[in-house]
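What follows draws every value from the coordinates through simple rules; no lab data is involved. The structure presented is a predicted model; accordingly, all values stated were derived computationally and were not measured. Don't worry about glycine lacking a Cβ; one is built from the backbone with ideal geometry, like all the others, and counts go over all protein chains shown.
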Ligand SMILES: [Mg+2]
């Protein structure tokens, strides 16, 4: 699929392990999973929603922690245990009635390749494997779990001309009220 202009992207599809996290999984003795999530990724996702973007998570693993984080960020579309990610992606496109040319997918490893090859704006995080980077329209400077998702959102919102307004909104807040 030809690369889209990032200004035309309406939906962001995110992997968890290696994209929203550094790819490390903390397992306790009961098998419960813990993750480190990045707070700046989180605020980025909120900006993305504020400007009308849609977002979904597609992950091969399954854990309560991902659902908790998704809920915190307002991400309602979550596909876990997606062993063949393309199937979850196909369902997501149909459910959201969105053209894949308007989608950016962010991945780090081989299971993400089918998504990256079938979306308008494929993104590889800096820690992605070589084959994933080769498919990407953009490779982030930051790694998964270290602000890579925030970097992608900033890029998309800058392309749409929205970023300046977000920053200006904070500059405008003063002690005497806003
Ligand atoms: Mg991954």
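Treating each Cα of the chain as an identical point scatterer and ignoring solvent, apply the Debye formula and state log10 I(q)/I(0) at q = 0.09, 0.11, 0.17 Å⁻¹.
Once normalised to I(0) and log-transformed, intensities are -0.30, -0.44, -1.02.
Rounded to the nearest 0.05, what FRET efficiency is calculated for residue 97 and residue 25 with R0 set to 45 Å and r the Cβ-Cβ distance? Don't skip to the end; give the middle numbers.
Values: r = 34 Å, r/R0 = 0.75.
Calculated transfer efficiency: 0.85.
Between residue 39 and residue 172, take the C-beta separation as r, use R0 = 25 Å, and let me know the FRET efficiency to the nearest 0.05. Working shown, then result.
Working: r = 23 Å, r/R0 = 0.91.
That pair, residue 39 with residue 172, gives E of 0.65.
Compare the peptides 37-47, 163-173, 1-11 by average per-residue count of other Cβ atoms within 10 angstrom and give them in order, highest first. Could you put the intermediate results ahead of the total?
Values: 37-47: 17.7, 163-173: 10.7, 1-11: 15.9.
Listed from highest to lowest mean packing, they are 37-47, 1-11, 163-173.
If you count, for each residue, the other Cβ atoms within 10 Å and average over each peptide, how do 109-117, 21-29 line up from highest to lowest?
Details: 109-117: 20.1, 21-29: 13.2.
Top to bottom by mean Cβ count within 10 Å: 109-117, 21-29.
Quick one: if the Förster radius is 22 Å, what FRET efficiency do residue 1 and residue 62 give, using the C-beta to C-beta distance and rounding to 0.05?
Numbers: r = 29 Å, r/R0 = 1.30.
Efficiency, from the Cβ-Cβ distance: 0.15.
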